[in-house]
Amino acid sequence: SAQSVYMRGFGNEFSSEDPRCPGSLPEGQNSPQVCPYGLYAEQLSGSAFTCPRPANKRSWLYRILPSVKHKPFTLVPCGDLTENWDEVEPDPNQMRWLPFTVPKSTDKKVDFVAVRSSYHLWCRKQQIPKLVLSCFRCFNNSDGDFLIVPQQGEILVTTEFGKMMVEPNEICVIQQGMRFSVDVFGETRGYILEVYGAHFELPDLGPIGANGLANPRDFLYPVAWYEDRKVPTGYTVINKYQGKLFACQQDFSPFNVVAWHGNYAPYKYNLKNFMVINCVAFDHADPSIFTVLTAKSTKPGVAVADFVIFPPRWGVADHTFRPPYYHRNCMSEFMGLIEGHYEAKEEGFLPGGASLHSIMTPHGPDADCFEKNCTAELQPERVAEETMAFMFESSFSMAVTKWGLQTCQKLDKTYHQCWEPLRSHFNPNWKPSKK
């Protein structure tokens, strides 16, 4: 099947054609007078034409009908999605959300469009084996890129470039302007990071060298797959534009790309392929060593958003408080948990939940974690076994919506209590031990 075959290599120049139509990619040019099989040539640009070559992103799509053939867009209800960041007052407190509930089978059906940088969460349940997004609906984001993190249940993502099956402990990135739909196979839940004005790229490795962290070869891109489907009742394209949702109708499937080539395409990555770097002598390294992808700002070393993971690894640092240190940060830190138990907070921070530590808001290990690790015998140990936590980190201050603070009713108002048992260990008569 199309979703079991992929092309490898982050940001590569790819060429793919559906095997049902061999020779559908034009030879030697992008826009011939007549394309093979009577297809239309259409370019999708993810960067300005004049961007430097390393940053220039575009792909050529060869499709049965061009995407311009549709009825006018009209504004549609946005549900809990909002572009009004002033609907509630700012709140600098540490925040934690309990796991979001997957809708019951008796609840009204919702699709990927109806659920909720921007940080989004989705929960969805479907009992039948396969659901085409509300029969005939697809989505595209004109505002920015989506990084999708499934937490529960696998999802089948159909795009103009082909199909991707994405499971928990995998991520996928749908870049700006790409049309896609999502099929589910039971209960699903997950997180989405949306970035504006930049695309994700691999972080620079500096003195680490040529290899390490997320290796380019492990990023997978879909192969061309098309459907030549007429939809007389209307196929709905949902377009996120300037924070609002718009819909248009067309009488054919948008997934009608027979062949494509270029370097601007959706992709997925298995987090278990991440090559972890860690301290092997003393101290706790900064979490930037766990960066999978970064969307850079115009200021060197400062990200619009980083995607960071905390995977299973060895802890071997001597004379060291091994869990994360207490911290105040000029960045916003949103954390989620895919599976397992996060080392700094083994209680309360649960799979499917989340936390937000805003710019300069103090955070760190809870009281139980501190007391246990101050007296622990330091032997080599496995850390975060069968656990995968992640962080969306941004240089921007995050506004939490009214839905996130009030409507969802998942905000844990007792979160601050995990630090209340912290007690003073100060001893003015302390003397260094004799060695």
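List of remarks:
- Projected label points at Leu205 and Val276, each 7 Å from Cα along the beta carbon direction, are separated by 1.9 nanometres.
- Coil-residue GluC sites (Glu not before Pro) of the range 266-361, DSSP, other Cβ within 10 Å capped at 11: Glu347
- Cα lying deepest toward the dipole's positive end in the chain, options Ile208, Val308, Pro54, charges on Cβ: Pro54
- Placing unit charges on the Cβ atoms of the charged side chains and taking the dipole of the chain about its Cα centre, the candidate lying farthest along the positive direction among Leu350, Ala317, Cys369 is Leu350.
- Per-residue SASA entry for Thr375, accessible area with 1.4 Å probe, Å² rounded to 10: 110 Å²
- Highest average first, the peptides 324-330, 308-314 ordered by how many other beta carbon atoms sit within 10 Å of their residues are 308-314, 324-330.
- Shown here for the range 187-219: chymotrypsin sites (Phe, Trp or Tyr not before Pro) in loop regions (DSSP other than H, G, I, E, B) with at most 16 other Cβ atoms within 10 Å, namely Tyr196.
- Pairs beyond 22 Å (Cα-Cα), from Lys240/Lys413; Lys244/Lys299; Lys244/Lys410; Lys244/Lys402; Lys299/Lys345: Lys240/Lys413; Lys244/Lys299; Lys244/Lys410; Lys299/Lys345
- Centroid-to-centroid separation of the range 363-385 and the range 1-48 [C-alpha atoms, Å]: 51 Å
- Only Cα pairs under 8 Å and 6+ residues apart enter the sum, and on that basis the relative contact order of the range 240-338 stands at 23 percent.
- The heavy atoms of Thr387 offer some 10 square angstrom of accessible surface to a 1.4 angstrom probe.
- Basic side chains Lys and Arg get +1 at the Cβ, acidic Asp and Glu get -1 at the Cβ, and with that the dipole of the range 9-90 about its Cα centre reaches some 600 debye.
- Taking label points 7 Å from Cα along the Cα-to-Cβ direction, Glu385 and Asn56 give a separation of 5.2 nm.
- Neighbour-limited loop hits for GluC sites (Glu not before Pro), the range 1-93 (at most 16 other Cβ within 10 Å; DSSP other than H, G, I, E, B): Glu13, Glu27, Glu83, Glu87
- Debye intensity ratio in log₁₀ form over the Cα atoms of the chain, taken at each q of 0.06, 0.07, 0.08 Å⁻¹: -0.28, -0.38, -0.49
- Within the shell defined by Cβ-Cβ distances under 15 Å, the residues around Val195 carry a net charge of -3, with Lys and Arg each +1 and Asp and Glu each -1.
- Ser45/Lys299 FRET efficiency (R0 30 Å; Cβ-Cβ; nearest 0.05): 0.75
- Taking a ≥ b ≥ c as the square roots of the eigenvalues of the Cα gyration tensor, the range 182-303 is classed as prolate, since a/c reaches at least 1.5 and a/b is larger than b/c.
- On the beta carbon distance between Thr101 and Gln29, with R0 = 41 Å, the FRET formula returns roughly 0.15.
- Accessible area per residue for the chain is 49 Å², calculated with a 1.4 Å probe on protein heavy atoms, without ligands, DNA or RNA.
- Here the accessible area of the range 1-40 is 48 percent carbon and sulfur, with a 1.4 angstrom probe and all protein chains present.
- Neighbours of Pro150, meaning other residues whose beta-carbon lies under 9 angstrom from its beta-carbon, give a summed charge of -2 when Lys and Arg score +1 and Asp and Glu score -1.
The values are calculated or read from the model by the stated rules, or taken from the named source; none is laboratory data. No experiment lies behind these values; they were computed from the predicted model shown. Because the Cβ atoms are built from the backbone with ideal geometry, glycine has one as well, and the counts that use them run over all protein chains shown. Note: areas computed on protein heavy atoms with side chains; ligands, DNA, RNA excluded. Shrake-Rupley method; radii C 1.70, N 1.55, O 1.52, S 1.80 Å.
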